[in-house]
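What follows draws every value from the coordinates through simple rules; no lab data is involved. Everything numeric in this text was worked out from a predicted model, so none of it was measured. No Cβ is skipped: glycine too gets one built from the backbone with ideal geometry, and neighbour counts run over all protein chains shown.
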Number of protein chains: 2
Amino acid sequence: MAGGPAKRRKPKGSQRDISDATLRRFSGYNMKRAFNTVQTDVNRVLAPFGLRMVTFSALVIIVDNPGLRQSQLADALSVERPNLVLIVDDLERRGLISRNPSPKDRRAYALNPTDDGAKLYRAAVAAVGDHDAWITRHLSHAERAALIPVLQRIEAADRAEVPEEKASGRPQTS
Amino acid sequence: MAGGPAKRRKPKGSQRDISDATLRRFSGYNMKRAFNTVQTDVNRVLAPFGLRMVTFSALVIIVDNPGLRQSQLADALSVERPNLVLIVDDLERRGLISRNPSPKDRRAYALNPTDDGAKLYRAAVAAVGDHDAWITRHLSHAERAALIPVLQRIEAADRAEVPEEKASGRPQTS
DNA sequence: TATTGTTATACTCTATAACTATA
DNA sequence: TATAGTTATAGAGTATAACAATA
């Protein structure tokens, strides 16, 4: 009952050494590779709970902000409203949350966790937290502390208004 | 000729403040958000070159490793072989690379860049490099230096064999 | 008019099985 | 039998347009 097989196929001995040194100099490329690996693993951690990374994130936001509307949830997760519908459907079908008519606005639903949802929240958050500690186990204390703020500043820097000159033309950089 | 519109829609003033503090404590969640933002932007930078992030990566690997086989390219990019076919098709159709019959193995193709491919490589690498400097402009020198090695160690740590106990059960972590 | 939730749709990315031709 | 490239396919993730009900 300790979960499914977690093997990875790797024994692909290439005849020549392929260099990706140029790509490795770009943070975007390294972020993509690291995130893809982590997401696959997080989904495996969440599978026993019947959750994926997105449904887990939605459940967490709902438990932490009971009564919020779907458009607020979509906004918090940076997910388009149409795509959120299926995610909320999924959580509701599993009895983890409920859609209640909003008293103030008859167009909107207030999202609330059920008792089962709150219980699953606690177990899933603990499991994901353990996984997070696992994948950062080889980082120093300082690196671990810096990682999340750095990622947040990259996100913020990139979301900021990009002047047209920066977007297409390019400034001198080395 | 300075590229298309780069506006972002953001003026969604939520009525209440929605907290994602729990999610923000997980590096995977922050990696997802940062990477999604960066990828969207990188694709916008590459669009004028007729490239996407994946085709750009493939072109770079081919230019840096001329004569390699498709399976080696797939391996280097961590892309499944079937998915690579369309990527290589794309680059070949644009005249950036050529598929040449391998002299040693009649099943295989040797991938080589064309002159146009090598030229586009230089321009695109410069543009992506500038974008990379742009999104990390608010990081300290130390943070910038640490970012890529940290991402690589997370990827390596997660690719490593995951013991069954770690995968499903969970050790004590605060 | 604008917004909430929704449907429909489409395109990309990722992943697996199975085929062919070679080895 | 195993591998290289390919085809077909399926599932997520992401994005936009448009609609009904309501504001």
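Between copies, the label points at A:THR40 (set 7 angstrom from Cα along Cα-to-Cβ) are spaced 2.6 nm, reported in nanometres from shortest to longest.
At A:ARG137 and B:ALA118, where each label point lies 7 Å from the Cα along Cα→Cβ, what is the point-to-point distance in nanometres? Taking the two extended label points, one gets 4.7 nm. Placing a label point 7 Å from Cα along the Cα-to-Cβ axis, B:SER98 is separated from the same position in the other copies by 7.0 nm, shortest listed first. Each peptide in B:93-104, A:126-137 receives the mean, over its residues, of other Cβ atoms within 10 Å, and ordering these scores from highest gives A:126-137, B:93-104. Computed from the C-beta positions of A:ARG93 and B:GLN152 and an R0 of 51 Å, the FRET efficiency is 0.80 to the nearest 0.05.
Across peptide A:130-142, what mean number of C-beta atoms from other chains lies inside 10 Å of a residue's C-beta? Going residue by residue through A:130-142 and averaging, the value is 6. The label-point distance for A:ALA47 and B:VAL79, in a model that sets each label 7 Å from Cα toward Cβ, rounds to 2.5 nm.
Annotation: amide H of A:SER98 within the under-5 Å range of A:ASN112, A:THR114, sequence separation 5 or more or interchain, hydrogens built in the peptide plane. Dipole magnitude for the stretch B:31-156: about 160 debye, using +1 per Lys or Arg Cβ and -1 per Asp or Glu Cβ, origin at the Cα centre.
Once the C-beta distance of A:SER19 and A:ALA145 is scaled by a Förster radius of 41 Å, the resulting FRET efficiency is 0.80 to the nearest 0.05.
Return the average number of partner chain Cβ atoms within 10 angstrom of each residue Cβ along peptide A:38-44.
Mean inter-chain Cβ contacts per residue within 10 Å come to 5.
Annotation for B:GLY67, label-to-label distances across the other copies: 7.0 nm (shortest first, one decimal, point 7 Å from Cα along Cα→Cβ).
With respect to the axis relating copies A and B by rotation, the chain A residue whose beta carbon is closest, plus that distance in Å, is A:PHE35, 2.
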